[in-house]
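In what follows, a single structure is set out as structure tokens and then discussed.
Computed from the coordinates by the stated procedures, all read-outs in this text should not be read as laboratory data. Please read these numbers as outputs of a predicted model, since none were measured by experiment. Ideal geometry is used to build each Cβ from the backbone, glycine not excepted, and the neighbour counts take in all protein chains shown.
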Amino acid sequence: MILLSRRGYLAIAAVVDIAIHARPLPVAAKALATRLKLPPRRLETLLQGLVRANILKGVRGPHGGYELARERRRITVASVLHAVASAGAGDPGAVTDCRLVEQVVVPLVEAAGKAFLDELETITIDDICRRAEDLKLGEEKGPGSDFAI
């Protein structure tokens, strides 16, 4: 069963990657796209939505890129998902005009979805970063990360 869209998974991964790699300089979109194995143009709209939601901050200039707008322990997974959902979603309208669906299935699925989102409100980007660090996943360097001469 799919609970999150690909866009949701990518948004979480992007925020976690930026939380891990944005010190001392912001993370360049190109380096982030390389680590996430995505074309930079596809990632850019996702990042802009996260900036508008005050999850990320865009930094301009030669060493520009993206960094967290708040401490990683103050950003929940649910807030990241809300940001990308509101950036690209409209009202889907009624699923169907079947009474069984409207009166039984939809309320049950909506209750389960609410419970799922309530649980995601308890998980912070810091929690995910710590888990990634325990698995040594934050040590990977993308191209352009090594400035040794």
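Summary of values
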| read-out | value |
| --- | --- |
| R0 of 35 Å, Cβ-Cβ distance ARG23-ALA115: FRET efficiency to nearest 0.05 | 0.50 |
| Likely footprinting exposure, CYS98, CYS129, fewest C-beta neighbours within 10 Å first | CYS98, CYS129 |
| Modelled label reach - ARG60, point 7 Å along Cα→Cβ, the range 25-46 residues with backbone N closer than 19 Å | 26-30, 44-45 |
